[in-house]
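The values are calculated or read from the model by the stated rules, or taken from the named source; none is laboratory data. Since this is a predicted model, take the numbers as computed values, not measurements. Positions of Cβ are generated from backbone atoms using ideal geometry, with glycine treated the same way; all protein chains shown enter the neighbour counts.
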Amino acid sequence: MLNIIVEPTLLLGGFFAIFMIFLYLIRFINPNLSTDWDIFIITLGLVYSSILIVHGWRLDPILLFSQILITFITISFCWILIRQREIIRKLIEKL
């Protein structure tokens, strides 16, 4: 039985899934910025977001807050990593 209720966890899981799909699309938009590890991270992110969507109704408010923090920390690290890859690619092209 799937108990999917419209709650903040549904929005958080959906937001994280959309972000992971965006990371996957970067592989086709700019292949120089992606590596083989990205597929592994994207798969884990999609599994994580599906768990949040399906079982998020069980979370207490403090656990929901911790999941929100984990999600935004992950997104910020991904953003920083993509920016660093772009800077490194530009430096390599200059040489």
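Has segment 86-93 got any residue that is touching a Ser or Thr at 6+ places or on another chain (Cβ under 9 Å) and modelled with pLDDT under 95? Let's see the steps before the verdict.
To start, the set of residues in segment 86-93 that are touching a Ser or Thr at 6+ places or on another chain (Cβ under 9 Å) comprises none.
No: zero hits.
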In segment 20-62, what count of residues is obtained for those that are among the β-branched types (Val, Ile, Thr) and farther than 24 Å from residue 81 by Cα?
4
